[in-house]
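**Student:** Got a structure here, written out as structure tokens. Questions coming.
The values are calculated or read from the model by the stated rules, or taken from the named source; none is laboratory data. Given the structure is predicted, the values throughout are model-derived calculations rather than measurements. Using ideal geometry, Cβ is built from the backbone for each residue, glycine included, and neighbour counts are taken over all protein chains shown. In case anyone asks, the SASA skips ligands and DNA or RNA and just uses the protein heavy atoms, side chains included. Shrake-Rupley method; radii C 1.70, N 1.55, O 1.52, S 1.80 Å.
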Amino acid sequence: MSWCGQKRKFVVDDRTEFFQMSQPVVSVVMPVYNRERYVGAAIQSILDQTFTDFEFIIVDDGSSDGSVDVIQNFDDPRIRLIILGENRGIGVARNTGNNAARGEYIAVMDSDDIALPQRLEKQVAYMRAHPDVGVCGASIRYVDEGFKPIGVWRADVENGICRAKLFFGLPFAHPTFMVKSDIYRRVSYPTQFEVVKDYAFLVQASASTRLGAVKDVLLLMREHGGRISNTQSDRQMEYAMRVRSEVLGNMGLTLDKQGQDIWRKLQLAYPVALEPQELQAISDLGARILEANRQSAYTSQPALHSVFARRWWSICRRSVNLGKPMFDIYRRSPIKWQGPLSTLYEARLWSLYMGMGRKLRMPQWF
């Protein structure tokens with residue numbers, strides 16, 4: 001394994017000492033694998049941060065293109081380049097960078113994204129103001145390769161909602177993670193879940209720390225054909241289901257294959273109409289999970305109920321063509337919206353069922 005610093009290139013092993021800078025507040029860790037086209041812009045976005053007390057650890061994971069040449073063209077003493085020499089996987093690359101980090105916090109960065117100038121400043125301020133939070137995220141804006149905006153992923157900021165969202169996926173995007181370094185010392189990226197390593201890591205980390213996020217958009221995420229989410233989507237879905245099964249297992253709940261199939265439909269807020277028996281099965285499973293959570297106190301019951309209720313309503317809305325059977329199943333379900341929202345959501349669903357469509361307007365926040 002070789003290391004490169006400003007004007008320095010030397011090999012480090014267990015017997016070799018290397019130069020030490022003063023301990024930074026933040027260690028930015030960015031693995032790179034064949035990102036010659038994008039990595040320069042990603043690096044520059046970190047060097048342009050308004051918060052400057054950081055080191056920038058770049059781990060080249062055996063790139064076969066010109067990625068390393070692009071990296072070495074940057075002349076900044078905060079950059080520390082680790083060259084693995086062969087492709088060992090992004091989980092190994094991230095763990096290698098995290099193990100080399102010396103900062104109080106470790107900020108995740110992807111080699112094809114752009115960090116907005118105040119990203120580190122705002123996340124450090126958040127972590128300082130919320131010392132009980134061990135993992136901080138932020139909102140992101142999706143852009144195409146020409147930086148045309150595509151959409152926004154608004155981060156969930158409250159710990160209860162974040163933990164509840166873990167039943168379905170990430171509450172905020174992985175490239176926005178800022179993590180207390182001691183958490184990365186205890187919890188590494190599990191290599192057995194390579195394509196969902198970020199999700200598996202956050203599930204494990206959330207067992208010992210609170211989660212939170214900055215509401216502001218702090219990162220631009222490029223959408224292109226080379227992203228793992230585009231090239232290995234089937235594997236991602238399979239491995240994500242395994243991680244979700246671990247979450248349920250932590251609550252003492254195990255699902256058979258049929259239960260997992262039902263769980264997928266709830267997880268996806270199924271985009272097509274379902275049969276009445278499928279709707280009833282989803283409602284029953286949701287009730288089982290809520291009861292298991294109540295007994296285990298895995299996360300906030302109101303937060304989990306809110307997350308389930310939103311997905312349950314969306315599923316029933318797409319099955320409105322079933323007519324009254326759908327509406328009856330929805331109204332009897334223990335996972336429907338509760339409290340003041342219950343009547344509003346039922347009225348909206350009833351208007352769709354009756355063919356009134358948009359004649360019944362919901363509040364702006366609906």
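**Student:** State whether the residues of segment 263-272 include one that is modelled with pLDDT under 90, open to solvent by 50 Å² or more (accessible area, probe 1.4 Å), aromatic (Phe, Trp, Tyr) and in a loop (DSSP other than H, G, I, E, B).
**Tutor:** First pass over segment 263-272, keeping only residues modelled with pLDDT under 90: 263-272.
Of the ones still in play, those that are also open to solvent by 50 Å² or more (accessible area, probe 1.4 Å) are 264, 268, 270-272.
Okay, now just the ones that are also aromatic (Phe, Trp, Tyr), so 270.
Imposing the further condition that a residue be in a loop (DSSP other than H, G, I, E, B) reduces the set to 270.
The answer is yes; a qualifying residue exists.
**Student:** Within the group Ser351, Ser342, which residue is free of Cβ contacts under 8 Å to residues at least 24 places away in the same chain, within 26 Å of Arg163 (Cα to Cα) and either open to solvent by less than 40 Å² (accessible area, probe 1.4 Å) or polar (S, T, N, Q) (or both)? Steps first, answer last, please.
**Tutor:** On the way: Ser351 fails: within 26 Å of Arg163 (Cα to Cα).
That would be Ser342, the only listed residue that is free of Cβ contacts under 8 Å to residues at least 24 places away in the same chain, within 26 Å of Arg163 (Cα to Cα) and either open to solvent by less than 40 Å² (accessible area, probe 1.4 Å) or polar (S, T, N, Q) (or both).
**Student:** Just one of the numbered conditions (1) more than 26 Å from Lys257 (Cβ to Cβ); (2) in contact with a helix residue (DSSP H, G or I) (Cβ under 9 Å, 6 or more places away or on another chain) is not true of Cys316; which one?
**Tutor:** (1)
**Student:** Same structure, new question: How do the pairs read when you match residues in segment 221-248 that are under 22 Å from Thr176 (Cβ atoms) and β-branched (Val, Ile, Thr) with residues anywhere that are exposed (fewer than 15 other Cβ atoms within 10 Å of the Cβ) and at pLDDT below 80, using Cβ under 9 Å and keeping only pairs 6 or more apart or on different chains?
**Tutor:** From segment 221-248, the pairs are Ile228/Arg235; Thr231/Gly225.
**Student:** Enumerate the helices (runs of 4 or more DSSP H) found wholly within segment 126-224, keeping only those where 2 or more residues are within 19 Å of Val307 (Cβ to Cβ).
**Tutor:** Values: elements: 159-165, 181-186, 197-205.
Ranges flagged: 159-165, 197-205.
**Student:** From the list Ala155, Ala115, Ala164, Ala93, exactly one residue is of a type outside the set (D, E, K, R), within 22 Å of Leu248 (Cα to Cα) and in contact with a Pro (Cβ under 9 Å, 6 or more places away or on another chain). Which is it?
**Tutor:** Selected residue: Ala164, the only one of Ala155, Ala115, Ala164, Ala93 that is of a type outside the set (D, E, K, R), within 22 Å of Leu248 (Cα to Cα) and in contact with a Pro (Cβ under 9 Å, 6 or more places away or on another chain).
**Student:** Going through segment 249-262 one residue at a time, which ones are open to solvent by less than 50 Å² (accessible area, probe 1.4 Å) and over 19 Å from Ile315 (Cβ atoms)?
**Tutor:** Gly249, Met251, Leu253 - these are the residues of segment 249-262 that are open to solvent by less than 50 Å² (accessible area, probe 1.4 Å) and over 19 Å from Ile315 (Cβ atoms).
**Student:** Tell me, which residue of segment 273-302 that is assigned to a loop (DSSP other than H, G, I, E, B) and not hydroxyl-bearing (Ser, Thr, Tyr) is farthest from Leu166 (Cα to Cα)? If you could, list the steps in order and put the result at the bottom.
**Tutor:** Let us first name the residues in segment 273-302 that are assigned to a loop (DSSP other than H, G, I, E, B), namely 273-275, 297-300.
Pick out the ones that are also not hydroxyl-bearing (Ser, Thr, Tyr) and you get 273-275, 297.
Working: Ala273: 25, Leu274: 25, Glu275: 27, Ala297: 14 Å.
Filtering segment 273-302 for residues that are assigned to a loop (DSSP other than H, G, I, E, B) and not hydroxyl-bearing (Ser, Thr, Tyr), the one farthest from Leu166 (Cα to Cα) comes out as Glu275.
**Student:** Before we move on, is Leu202 modelled with pLDDT of 90 or more and open to solvent by 20 Å² or more (accessible area, probe 1.4 Å)?
**Tutor:** Values: modelled with pLDDT of 90 or more: yes; open to solvent by 20 Å² or more (accessible area, probe 1.4 Å): no.
So Leu202 fails the test.
**Student:** If we keep just the residues of segment 208-242 that are closer than 30 Å to Ala129 by Cβ and either modelled with pLDDT under 85 or touching a Leu at 6+ places or on another chain (Cβ under 9 Å) (or both), which is most open to solvent (accessible area, probe 1.4 Å)? Full working, then the answer.
**Tutor:** Of segment 208-242, the ones closer than 30 Å to Ala129 by Cβ are 208-221.
Pick out the ones that are also either modelled with pLDDT under 85 or touching a Leu at 6+ places or on another chain (Cβ under 9 Å) (or both) and you get 211, 216-220.
Working: Leu211: 3, Asp216: 65, Val217: 29, Leu218: 6, Leu219: 0, Leu220: 31 Å².
Residue satisfying both the conditions and the ranking: Asp216.
**Student:** Looking at segment 194-208, I want the residues that are without any contact (Cβ under 8 Å) to a residue 40 or more places away in the chain and have a partner that is aromatic (Phe, Trp, Tyr) with Cβ atoms under 7 Å, at least 6 apart or on another chain. Which pairs are those?
**Tutor:** Phe201/Tyr189
**Student:** So which helices (runs of 4 or more DSSP H) are wholly in segment 1-109 and hold at least 1 residues that are modelled with pLDDT of 95 or more and under 24 Å from the mean Cα position of the chain (by Cα)? Can you show your working first?
**Tutor:** Numbers: elements: 39-47, 67-72, 90-100.
Answer list for segment 1-109: 39-47, 90-100.
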